[in-house]
Structures are given as C-alpha cells and as structure tokens.
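Here the structure comes first, spelled out in structure tokens, and everything after it is commentary.
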Amino acid sequence: MDRSKYDNSSEIVLDHGSGAQLSHELVSLIVETLGDVYLGEMEDSAMLPIEGGRIAMTTDSFVVDPPFFGNGDIGKIAVCGTVNDLAVVGSKPLYLTLGMILETGLPMERLVRVLTSIRETAREAGVRIVCGDTKVVRKGEADRIYLNTAGVGVFEREPLRMGRVRPGDRVILSGPIGNHTVHLLSIREGLGFEQRVLSDCAPLNGLLETVFGRVEEGMVRSVRDVTRGGLAAVLHEYADALGHTVRVDQETLPIQPETAMAMDMLGIDPIHTANEGCLCLFVAPAAEERVLAALRSHRYGNRAVTIGEVTGRADPLVLLRDRAGRESVLEELRGAELPRLC
Amino acid sequence: MGKIAVLTNDLQSDVVDKTPERTAAIAEARPRFLGFLAEMRRRGHGIYHLQLVNLPDDPNVEREPDGTLPLQRGSRGAAIIEDFLDPSDTVVEKNKDSGFYETELHDRLQNDGVDTVLVTGLQTQICVQTTAADAFFRGYNVWVPSDCVVSGNPEDRDRALEWLGGYCATVASSDEILAALDQHGELARKVVKILP
C-alpha cells in the first residue's frame with residue numbers, strides 16, 4: 001500500500017494482519033512512512049554490523065492511554081523509552097525493533113501519525129529501525145494500538161552500573177518530575193491542566209553524551225531514567241542495591257507549579273509518578289558542578305538540579321529532609337493505581 | 001471591565017441522584033443555590049450550565065454495573081434539572097470533568113465579554129475544581145460561592161474549597177459575593193503568587 005492508496009476513511013481491518021496482500025500493502029506503508037530510519041531488508045531477521053566487544057540490549061512494551069496526547073504519542077514514547085534504557089547504562093543506542101498490535105478500526109491516518117513520530121524521534125536519537133512485526137486483533141481485543149520496541153546499543157566506554165555508586169555521591173535530576181503523569185491524566189479525565197503541563201517525553205541519549213563529554217570516565221557512576229514508579233522507585237532501587245541510605249532534600253525537587261497544583265488536587269505525590277524524559281544521575285562529588293553545567297547546557301536538562309546524596313549510613317532507606325532539617329522515611333508504594341502511563 | 005458569568009456543573013439527575021448523599025446535599029443547597037442564580041439573572045449576569053454528556057466511545061467513562069452508559073445525549077438523566085434552568089440561560093455540553101475541555105465554553109465566554117466566572121455545582125472536588133483551575137489558566141478571574149457547590153461527602157467539598165482558595169479562586173459565600181458586587185460593582189481578582 002503506498003500512501004496514495006488510502007484516504008481519510010481508511011482503517012485497519014483484520015486482513016491487514018493476515019499475511020496476504022493487504023498485509024504486504026500495510027508493510028509497504030510502514031516502510032515508506034519510516035523512510036530513511038528503516039534499515040530492514042525484508043528478510044526474516046535483520047543482519048547488522050556491530051563493532052566493539054559488548055552490546056546492550058533491552059525491550060519494552062507500550063500501552064499508553066491515551067495513545068495520542070498534546071505533545072506526543074505512543075510512537076514517540078516507544079522510541080524514547082528504549083533509547084533511554086540503552087543510554088543510561090552508558091551504551092550508544094543504534095538499532096530498534098518495532099512490534100505493533102493494532103486494533104481493527106484504527107484509522108490509517110492515526111497509524112501514519114504514530115509512524116511519523118517514530119521516524120522523527122528515531123532521527124533525533126540517531127537510531128535505526130531494523131525489523132518489525134505487525135499483528136491485527138479484533139475490535140475490543142486491544143485499545144487502538146500497542147507497541148513494543150527492543151533496542152541494541154554498543155559500548156564505547158565502560159558500562160554504568162549501580163555497584164559503582166559510593167557514599168558521598170551526589171544525586172542529580174535532569175529535570176522536573178510529574179509532568180508526564182499530569183499531562184496524561186488531565187487528557188484522560190479533562191482536568192484542565194493538559195495545556196499548561198506537557199509530557200517530558202524525550203530521547204535523552206544526546207543529553208547523556210553531552211555529560212559524558214564534559215567529565216572524566218567514572219565520574220558519572222550510574223544513571224536511571226525515572227519512569228514507572230517515579231523517583232521514589234529509583235531511589236529505593238539504589239538504596240536496596242547499595243545497602244546505604246539515600247537522602248533527598250525535599251525542597252530541591254524540581255516540580256512545575258501547575259504540576260504541584262494538579263498533584264495536590266489528585267492526592268498524588270509527584271515523587272511516585274511516571275516520567276518519560278527525566279534522568280536520575282549518581283555522580284562523584286568532584287564532578288557535580290560540571291555535570292550540572294553540562295546538563296543545563298542541553299535543552300532536555302536545563303532545569304537540572306542536585307537533589308541529595310548517598311550517605312555512609314549502612315541502612316537501605318530513602319530519607320526525605322525538609323526545610324527545617326527534619327528527616328522522614330520515604331516508603332515504597334505497593335501499587336500506584338496509575339496504569340498505562342507508558 | 002468585563003462581564004461576570006455563573007458556571008454551573010452537572011445539575012443533572014444522573015449525577016445528582018447517583019447516590020443518596022448527593023441527593024441530600026443538593027436538596028440542602030437548593031434554596032440558596034436557586035436564590036443566587038435568580039439574583040444573578042436579575043442583575044443581568046449570564047448563567048452557563050455545563051451539561052455532562054458521556055460519549056459511547058470514551059474508554060474512561062464510568063458505566064453502570066450492568067454496562068449501561070449514564071448521561072447519554074438527549075436522555076432524561078442528562079437534562080439540566082428544570083428548577084435550575086431558565087430560558088435566558090445557556091447550556092454548554094461537555095464530555096469531561098472541566099467545562100472547558102474541548103468545548104465551546106471559552107469561545108462563548110469570550111464572545112460575551114466575560115472575564116470573571118463564578119463556578120458552582122457538583123461535585124466540588126471534581127468538576128468544580130477542574131473547571132475553576134482551567135478557567136484560571138485561561139486568564140479568568142475565578143470565584144467560587146461556597147454555599148453553591150455540592151459534594152456527596154462534605155469533607156471532599158471542604159478540602160476542594162481549601163484547594164481552590166489556596167491556588168486559583170476567591171472562595172466566599174453567595175451573600176458575600178452579592179454584597180461585594182453591591183459595594184464595588186465588580187469582583188476583585190485574587191493575586192496569585194504560585195505561578196511565574
């Protein structure tokens with residue numbers, strides 16, 4: 001199917017997943033829309049050159065509701081999510097796979113919009129789509145569109161690992177927390193915040209490259225992208241892995257005023273909410289200022305801030321310190337009841 | 001000086017009679033609420049009823065236990081309750097919590113020269129709160145008559161009023177609002193410091 005073969009009334013039908021002619025036409029549309037970011041040769045597997053001795057691999061599925069939002073869509077999230085997972089372990093993201101589950105009735109125009117987002121975001125991140133798969137399900141068996149991306153990156157430096165973090169290391173956030181969650185919840189329910197608070201969804205490999213280029217290797221100990229479970233989940237993960245207390249100064253947490261307003265209304269703590277374009281970096285004290293300067297020089301890190309440090313206390317807790325210096329334990333949630341944010 | 005408009009939220013039997021607590025709460029507020037609307041009409045201020053209509057293809061709509069979709073367009077349960085509706089009033093359909101979300105409300109208010117909105121109705125902690133916040137973000141001077149907002153749970157109402165007063169609206173009783181209008185001829189805009 002080339003793009004001239006469908007009009008605004010075209011939609012996904014079961015036969016688009018049958019493997020017959022309509023499937024081939026759909027694949028043609030996908031390949032044509034992805035353009036130069038698609039590297040596939042239409043073989044059963046992609047065959048790719050890899051240099052260096054070690055690769056990073058990751059996979060993620062995406063069921064975000066709604067799949068189309070103010071400043072992005074599920075396609076953008078699907079590229080960013082996997083690119084960011086590759087980047088935070090210190091690898092250079094190179095290749096992505098693209099799996100799609102499409103519900104019968106999905107307008108073709110919507111599919112093209114998602115593919116266009118994938119193409120533009122992949123271009124920005126410098127990655128190629130190397131193979132893909134499409135399945136079509138009956139009406140009601142999925143919610144419009146689900147995606148899966150797996151990714152491969154190569155290491156041009158030593159991998160970043162949680163085990164490299166030391167007591168005294170600074171905890172730095174690359175940007176505000178909570179915006180992605182507020183934006184999506186506001187669109188779902190029509191809460192009125194969706195134009196003031198936008199999703200932070202972004203590919204962050206370029207931001208990290210900027211940081212790596214400004215400090216000696218080893219100064220950035222470990223990095224996580226702050227996604228499901230929010231900052232709280234990341235901090236607990238490190239405290240548990242390190243066996244040390246991580247202390248955060250509550251007042252330093254970067255939260256957009258409208259986001260705080262919405263979270264207060266919804267009774268949600270931003271520290272537990274999902275993001276799609278925020279990094280938590282654990283950094284040697286000697287490199288703190290240079291890392292902050294590097295982050296702030298990039299458009300995705302211009303509100304970077306130090307929020308706390310890893311303490312020498314051998315107790316795997318996360319402590320929040322308020323303005324008066326009082327400390328309280330940040331509990332890990334058993335569940336957040338905020339499904340389908342990515 | 002712009003005009004003042006009263007916005008009501010969800011004065012519809014499918015919403016009001018969803019629980020006995022809501023029915024009782026609206027019955028308790030009804031005399032003052034109706035009196036306030038009548039007085040505002042008498043003074044020449046517009047009344048805009050935000051009518052919640054559920055769309056069949058909205059996956060986030062809360063359905064009845066038997067799967068029935070409440071608040072369907074044209075249904076009796078979705079109609080604005082007669083007592084609250086005057087022929088001079090305007091009805092604006094909405095499909096989400098905020099009365100501004102993908103509706104014609106903002107355009108209509110702008111066309112009518114409105115710069116101050118008084119947000120009323122139910123529930124305080126959902127539609128009143130979100131409509132007020134949305135109005136604030138759009139630059140309106142927002143007031144909330146505390147005795148013309150309703151929640152099934154009074155604690156939810158009180159918490160929402162505290163939030164509204166803290167962030168984006170002036171909260172006052174309907175008598176205080178009328179007195180302020182008598183005294184100043186307008187309602188002063190709250191100075192809000194939380195936004196840059």
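The values are calculated or read from the model by the stated rules, or taken from the named source; none is laboratory data. On a predicted model such as this, the values are computed, not experimentally measured, just so you know. Cβ atoms come from the backbone with ideal geometry, glycine included; neighbour counts cover every protein chain shown. What goes into the accessible areas is simple: the full protein's heavy atoms, side chains included, and nothing from ligands, DNA or RNA. Shrake-Rupley method; radii C 1.70, N 1.55, O 1.52, S 1.80 Å.
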Within the stretch B:67-90, is even one residue of a type in the set (Phe, Trp, Tyr) and closer than 17 Å to B:ALA135 by Cα?
no
B:ALA24 fails exactly one of (1) surrounded by 13 or more Cβ atoms within 10 Å (Cβ to Cβ); (2) closer than 18 Å to B:GLY121 by Cβ, namely (1)
Within the stretch A:142-183, the residues that are within 14 Å of chain B (Cβ to nearest Cβ), buried (at least 24 other Cβ atoms within 10 Å of the Cβ) and in contact with a Leu (Cβ under 7 Å, 6 or more places away or on another chain) are A:HIS183
Note on the stretch A:149-168: residues hydrophobic (A, V, I, L, M, F, W, C) and part of a loop (DSSP other than H, G, I, E, B) are A:LEU160, A:VAL165
The stretch A:191-214, subset of a type in the set (Val, Ile, Thr) and buried (at least 24 other Cβ atoms within 10 Å of the Cβ), residue nearest to A:ASN71 (Cα to Cα):
A:VAL197
Within the stretch A:67-78, is even one residue among the β-branched types (Val, Ile, Thr), in a helix (DSSP H, G or I) and in contact with a Phe, Trp or Tyr (Cβ under 6 Å, 6 or more places away or on another chain)?
yes
Residue, modelled with the lowest pLDDT, within the stretch B:159-196, restricted to residues that are surrounded by 14 or more Cβ atoms within 10 Å (Cβ to Cβ), within 14 Å of chain A (Cβ to nearest Cβ) and part of a helix (DSSP H, G or I)
B:TYR167
Residue pairs qualifying under the 8 Å Cβ cut-off, at least six apart or on distinct chains, with the first in the stretch A:221-247 being outside the structural domain of A:GLY178 (by TED's automatic domain parsing) and the second being assigned to a strand (DSSP E or B), are none
Can you go through B:ARG32, B:ARG73 and tell me which one is part of a helix (DSSP H, G or I) and either free of Cβ contacts under 8 Å to residues at least 24 places away in the same chain or among the basic types (Lys, Arg) (or both)?
B:ARG32
Failed condition for A:ARG228, given (1) within 14 Å of chain B (Cβ to nearest Cβ); (2) within 14 Å of the chain's Cα centre (by Cα); (3) of a type in the set (Lys, Arg):
(1)
When residues of the stretch B:89-132 are limited to those that are within 13 Å of chain A (Cβ to nearest Cβ) and assigned to a strand (DSSP E or B), the one nearest to B:ASP57 (Cα to Cα):
B:LYS94
Starting from the stretch A:23-50, keep only residues that are more than 26 Å from A:GLU124 (Cβ to Cβ), then list their pairs with residues that are in a helix (DSSP H, G or I) whose Cβ atoms are within a distance under 9 Å, requiring at least 6 positions of separation or different chains.
A:SER23/A:ASP15; A:SER23/A:HIS16; A:SER23/A:GLY17; A:GLU25/A:LYS5; A:GLU25/A:HIS16
Number of the condition not met by A:PRO66 [criteria: (1) surrounded by 18 or more Cβ atoms within 10 Å (Cβ to Cβ); (2) within 21 Å of A:CYS201 (Cβ to Cβ)]
(1)
Please determine whether any residue of the stretch B:56-63 is within 14 Å of another protein chain (Cβ to nearest Cβ) and in contact (Cβ under 8 Å) with a residue 24 or more places away in the chain.
yes
When the stretch A:186-225 is examined, which residues are found to be within 14 Å of another protein chain (Cβ to nearest Cβ) and touching a helix residue (DSSP H, G or I) at 6+ places or on another chain (Cβ under 6 Å)?
A:LEU191, A:GLY192, A:PHE193, A:GLU194, A:ARG196, A:VAL197, A:LEU198
If we scan the stretch A:101-109, do we find a residue that is within 25 Å of A:VAL27 (Cα to Cα), within 14 Å of chain B (Cβ to nearest Cβ) and in a strand (DSSP E or B)?
yes
Hits in the stretch A:260-281 - residues which are out of contact with any Phe, Trp or Tyr (no Cβ under 7 Å at 6 or more places or on another chain) and of a type in the set (A, V, I, L, M, F, W, C)
A:ALA260, A:MET263, A:LEU266, A:ILE268, A:ILE271, A:ALA274, A:CYS278, A:LEU279, A:CYS280, A:LEU281
Single match in B:ASP86, B:ASP97, B:ASP66 (criterion: touching a helix residue (DSSP H, G or I) at 6+ places or on another chain (Cβ under 7 Å) and open to solvent by 40 Å² or more (accessible area, probe 1.4 Å))
B:ASP86
Criterion first (within 13 Å of the chain's Cα centre (by Cα), in a strand (DSSP E or B) and more than 30 Å from A:PHE193 (Cβ to Cβ)) does A:THR59 satisfy it?
yes
Hits in the stretch A:111-140 (condition: in contact with a strand residue (DSSP E or B) (Cβ under 7 Å, 6 or more places away or on another chain) and open to solvent by 50 Å² or more (accessible area, probe 1.4 Å))
A:ARG113, A:ARG128, A:GLY132, A:ASP133, A:LYS135, A:LYS139
For the subset of the stretch B:133-156 comprising residues that are within 14 Å of chain A (Cβ to nearest Cβ) and more than 13 Å from the chain's Cα centre (by Cα), which member is nearest to B:GLU186 (Cα to Cα)?
B:TYR140
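Here's the yes/no breakdown for (1) in contact with a helix residue (DSSP H, G or I) (Cβ under 6 Å, 6 or more places away or on another chain); (2) of a type outside the set (Ser, Thr, Tyr):
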site: B:VAL16; (1), (2): yes, yes
site: B:THR19; (1), (2): no, no
site: B:ALA24; (1), (2): no, yes
site: B:ALA27; (1), (2): no, yes
site: B:ARG32; (1), (2): yes, yes
site: B:PHE36; (1), (2): yes, yes
site: B:LEU52; (1), (2): no, yes
site: B:PRO56; (1), (2): no, yes
site: B:PRO59; (1), (2): no, yes
